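See below for the structure under consideration.
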Amino acid sequence: MTDTPNTTPNTTSTTTSTTTSTTAPNAGIGGEPVTVIGLGLMGRALATAFLEAGHPTTVWNRTPGKADALVSQGAVLAPSAAAALQASSLVVVCLSDTAAVRDALGPHRAELAGRTLVNLTSGTSDEAREMAAWTGDYLDGAIMAIPDVIGRPEAFLLFSGSPEAFEKHSHSLDRLGNATFFGADPGLASLYDVALLGVMWGTLNAFLHGAALLGTAKVDATAFAPFANQWVASVTGFISAYAGQIDRGSYEAEDATLETHLATMKYLVRESAAAGVDTDWPARIQTLTERAIDAGHDGTSYASMIEVFRGQA
Ligand SMILES: NC(=O)c1ccc[n+]([C@@H]2O[C@H](COP(=O)([O-])OP(=O)(O)OC[C@H]3O[C@@H](n4cnc5c(N)ncnc54)[C@H](OP(=O)(O)O)[C@@H]3O)[C@@H](O)[C@H]2O)c1
């Protein structure tokens, strides 16, 4: 499931046709035929990865001009969404949002019978479950990568939905990056997605706030970044340790108590206020920590804050 994606360009394909067709000209070169619906920034990267791995690739986009470069690399531009669905038994869709998927594919649901639909469009877990009702062979996916790294080992993708569909197509999906399957609940990949995006935004906001604070002392963000990165690496260790405490439900203060955290948080709020930097973010953390202490978690580790996030403090 995690083999290194083959990113060797499909040099055996000589097709440069810009005409529309539903029969891939590079069919049979290597890999199963795949259809990619949606050629925005991410969809084009997905189609490119399939092409480079030798998959006969059919594409469709509402605005057909976005297929030009892919067609010159050997993709076939389908004349309609319905024709694109008919072209392959593996259909990957990556549009702006679930409403766009409903718009583009809703009228053609009958064409999904007997095909696997892999929905890499971001959405909520409920939306994923709604989409899963469209076809038995449904996989919902979350892309934890930017378009530039699709097809490279550092890209990782999360899937949930039909185990049979994942089993059948995991080799093809691995072309996009390392694929992990979370089981039959189609909503789980989306839930992981938003949880991981929260980790990203939390980390980035902390960095940006810190850069604003140090900027008041004429410290460049590029000077701050190596220290921020080193500290984030240390924090990954805290995450692993606290995960065990959360799962055990016991929050021994092996490193620092919540009160110690609260005292230093107040310095962050005070420094921010004194420097004229926005205090909203550190003040919110302070408020959450105070709630945990008020709820009786004084003397425990930072992991006890999980009770606040669970709405139980
Ligand atoms: N970009 C990233 O780094 C990244 C990373 C992870 C996940 N994602 C997810 O991947 C998905 C696509 O992102 P993107 O960056 O490729 O966005 P994008 O560049 O804005 O592309 C959006 C795509 O959706 C199509 N679309 C929008 N509304 C439509 C409709 N009503 N009917 C048919 N097609 C419609 C657009 O078609 P037109 O070309 O005709 O407008 C275009 O192909 C999003 O759900 C995003 O959250 C993106």
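Data overview
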| read-out | value |
| --- | --- |
| Karplus-derived 3J(HN,Hα), 6.51/-1.76/1.60, for each residue of segment 295-302, Hz, glycine and proline x | 7, x, 9, 4, x, 9, 7, 4 |
| Sequence-distant lysines (8 or more away, or on other chains) whose Cα lies within less than 25 Å of LYS218 | LYS266 |
| Cα centroid of segment 238-287 to Cα centroid of segment 101-169, whole Å | 37 Å |
| Amide H contacts of VAL76 (H built 1.01 Å from N, under 5 Å, at least 5 apart or other chain) | THR57, THR58, VAL59 |
| Cα convex hull of segment 34-184, projected area averaged across orientations, nm² | 7.6 nm² |
| Using θ = phi - 60° and Karplus 6.51 cos²θ - 1.76 cosθ + 1.60, couplings along segment 125-136 (whole Hz; Gly, Pro as x) | 5, 5, 5, 5, 5, 4, 5, 5, 6, 6, 7, x |
| Antiparallel DSSP beta bridges within the chain, as percent of all bridges there, nearest 5 | 25 percent |
| Packing rank of 32-44, 184-196, where each peptide gets the mean count of other beta carbons within 10 Å, highest leading | 32-44, 184-196 |
| Residue-averaged 222 nm ellipticity for the chain, from DSSP H runs of 4+ at -39500 (n - 2.57), nearest 500 | -14500 deg cm²/dmol |
| Quotient of Cα Rg and 2.2 N^0.38 Å for the chain, N being how many residues it contains | 1.21 |
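The numbers here are math on the coordinates, done by the rules we state, and not lab data. Bear in mind that the values here come from a model prediction, so they are computed numbers and not experimental data. Quick reminder, even Gly has a Cβ in these numbers, built from the backbone with ideal geometry, and neighbours come from all protein chains shown.
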